[in-house]
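Student: Mind looking over this structure? Questions follow.
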């Protein structure tokens, strides 16, 4: 029995990137439109908005024991929500990674996540509603983005990961056990099997592997990237990819190819009743079934067939080239040799693509072949052995040669961006910027319909600047200045004696600070800074806190006694140490654990963000009285304003109502003093942008101190203030 369309679920406004079945009558989907939706079926499918994020979402999972949906995406945070709730609030917010979270998997109390930051993590979520998620294992070793993680055996803590570094690795706890490479390109997704593992890749293949990593067979049929795999109760495999298809495999044979009217089929999932769910780049979620009682009506089936027939297919994706020697429609009288086989035939002035259906024993039209990428132009550009509609020069660095960005208008811009970043070994976090560059420079050319628009502010007027979503840091490390500071202060300190050899060692260690710095280097510098903070006099402790500020962005987890060192700094009653502490706080936003430092809702935690901010506010007020140098006062004001700004950015990403309430209360406590007495334009600007960010998260009454800032930096002031004022007026 072949799968046929059962339902088309329409509500998302951008690519559907992930979906999971809660039951036969309930589905949860996540999209690039920054929403998560829950779909329920009575007589027909209906949807409700479950959550609205501030960034795109591309992974979702379900915890049946707790009746919680978890999802994650570009904000590096994992969210826990109740699918039966309508209040659009997250029950738990978990800052989990430093970059996009691209996969989630839940089994027996464990939740696994993987990320573009090169790590995978496993969390104990069995008591998530009472004590919160607890990090069990952090899996490190992959050399690039970790695209997927699966839990093989929760009780034995056995996991498997795959990566853009083209490897698959198995783990027991956080210890790597096996490593194998069955693919020649990025490995995108994994699927545990009763006897081993299945994997799929950008090389267009699916590998069936034993539990020891031995290649059993390779499934070939997809003509482009293969994105995801799922398993039917029958034991059949389901795959989807960048070739517009969902494919069903029995053993090593493709038994059905389902072509869809979209370039990218991002996700497949299976319902308990064996129906297949597919999410794609045309914003649709579709359900396919083998049960005739659940088939869509004839009008819907015909409508899908007509959509597919109208597809524009690039000749680059076909096995042969368009030419005079192509057969005519008479070729369709000859049966195909296998499911999914495609041929091109001439039909007067057009070239059609047809696909063989083994079940129907006929050729099915799947689109019209566009010889020049759909532009109607004969001017294709040749680059790297292929022909392209566009070949852009992209300047990445001043003085460096421009990089080439090839693009065909019939391909998904996200795929073009990923290809460009991978070819040039650039961070995947640049993906959105590259996509926007492509869309801007191709002037919105599209195939299959008009360019869609999306207003993220719904009933509000579009804002020009707000919300701002980029954190700011004080992470510049001036090795020479730090070394001179150590040499200066060590002369008057005897309790923890520091030799010139010690300084040389620290100097060498600081020069090694990069994203991949060895943990032993970090530990040695951290312990050195800790001893200075604990042993030296107040005036000399400054260098210890400056060292702490320099190394904290490179720590992958909270260092031992970090909170104790912070408390020591608050007790010093020193404007300079307060400055270093504030800069250290600002640098925490480079790390996942650092963000959770300010967002933890654990009642046993020593630190509450409101208490920390009130303490900071009080220390700042005292520092205003004792700081004698204007430059020092300006630095203090900017560092404190940056902390509030960074917390507002975190609030935008998380949408946390608790953080919003505490942050606004603390800001109201210090804002007027910070703006008026601090008297620094940069500090004022960062505070006003921070307030604007908070207002985009939740519209509240505008605080009274806002008028004082407008008096000082009014609507006729610097243009950057004018833009913020205008945005705030629209909220």
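Student: Given the conditions (1) assigned to a helix (DSSP H, G or I); (2) under 30 Å from the mean Cα position of the chain (by Cα), and given that residue 620 satisfies all but one, which numbered condition is not satisfied?
Tutor: (2)
Student: A follow-up question, please. Can you pull out the residues in the range 516-540 that are surrounded by fewer than 21 Cβ atoms within 10 Å (Cβ to Cβ) and outside any helix (DSSP H, G or I)?
Tutor: If the condition is that a residue be surrounded by fewer than 21 Cβ atoms within 10 Å (Cβ to Cβ) and outside any helix (DSSP H, G or I), then 516, 517, 518, 537 are the ones that fit.
Student: Then there's this: Identify, by number, the condition in (1) surrounded by 11 or more Cβ atoms within 10 Å (Cβ to Cβ); (2) in contact (Cβ under 8 Å) with a residue 60 or more places away in the chain that residue 470 doesn't meet.
Tutor: (1)
Student: Still on this structure, I have one more. Whether any residue in the range 147-161 is in contact (Cβ under 8 Å) with a residue 40 or more places away in the chain and farther than 26 Å from residue 194 by Cα is what I want to check.
Tutor: No, there is no match, as no residue in the range 147-161 is in contact (Cβ under 8 Å) with a residue 40 or more places away in the chain and farther than 26 Å from residue 194 by Cα.
Student: Please report, ordered by residue number, the strands (runs of 3 or more DSSP E) entirely within the range 188-303 with at least 3 residues that are within 25 Å of the chain's Cα centre (by Cα). Outline the logic, then answer.
Tutor: Details: elements: 196-201, 205-210, 215-220, 226-231, 237-241, 245-250, 253-259, 265-270, 276-280, 284-289.
By residue number, 196-201, 226-231, 237-241, 265-270, 276-280, 284-289.
Student: Residues in the range 74-89 that are farther than 15 Å from residue 28 by Cα and surrounded by 17 or more Cβ atoms within 10 Å (Cβ to Cβ): how many?
Tutor: 5
Student: Quick test of your reading of the structure: residue 70 fulfils all but one of (1) buried (at least 21 other Cβ atoms within 10 Å of the Cβ); (2) closer than 22 Å to residue 598 by Cα; (3) modelled with pLDDT under 95. Name the failing condition by number.
Tutor: Tallying (1) buried (at least 21 other Cβ atoms within 10 Å of the Cβ); (2) closer than 22 Å to residue 598 by Cα; (3) modelled with pLDDT under 95, residue 70 fails exactly one: (3).
Student: Let me ask something else. So in the range 314-343, with the set limited to residues that are outside any loop (DSSP other than H, G, I, E, B) and within 17 Å of residue 221 (Cα to Cα), which one is modelled with the lowest pLDDT?
Tutor: Result: 316.
Student: Would you mind finding the one in 263, 216 that is touching a helix residue (DSSP H, G or I) at 6+ places or on another chain (Cβ under 9 Å) and more than 20 Å from residue 357 (Cβ to Cβ)?
Tutor: 263
Student: OK, next. Surrounded by 19 or more Cβ atoms within 10 Å (Cβ to Cβ) and over 17 Å from residue 102 (Cα atoms), is that true of residue 204?
Tutor: yes
Student: Turning to a different aspect of this structure: Looking at the range 583-606, is at least one residue in contact with a helix residue (DSSP H, G or I) (Cβ under 6 Å, 6 or more places away or on another chain) and more than 26 Å from residue 470 (Cα to Cα)?
Tutor: Scanning the range 583-606, I find at least one residue that is in contact with a helix residue (DSSP H, G or I) (Cβ under 6 Å, 6 or more places away or on another chain) and more than 26 Å from residue 470 (Cα to Cα), so the answer is yes.
Student: Now, a different point. For residue 43, all conditions in the list (1) modelled with pLDDT under 95; (2) crowded, with 23+ Cβ neighbours inside 10 Å hold save one; what is the number of the exception?
Tutor: (2)
Student: I'd like the full set of residues that are in contact (Cβ under 8 Å) with a residue 40 or more places away in the chain and either over 28 Å from residue 255 (Cα atoms) or surrounded by fewer than 20 Cβ atoms within 10 Å (Cβ to Cβ) (or both), limited to the range 1-16.
Tutor: Once the filter is applied, which keeps residues that are in contact (Cβ under 8 Å) with a residue 40 or more places away in the chain and either over 28 Å from residue 255 (Cα atoms) or surrounded by fewer than 20 Cβ atoms within 10 Å (Cβ to Cβ) (or both), the range 1-16 yields 1, 2, 4, 8, 10, 12, 13, 14.
The values are calculated or read from the model by the stated rules, or taken from the named source; none is laboratory data. This is a predicted model, so every value here is computed, not measured. Cβ coordinates were reconstructed from backbone atoms using ideal geometry, including for glycine residues, and neighbour counts include every protein chain displayed.
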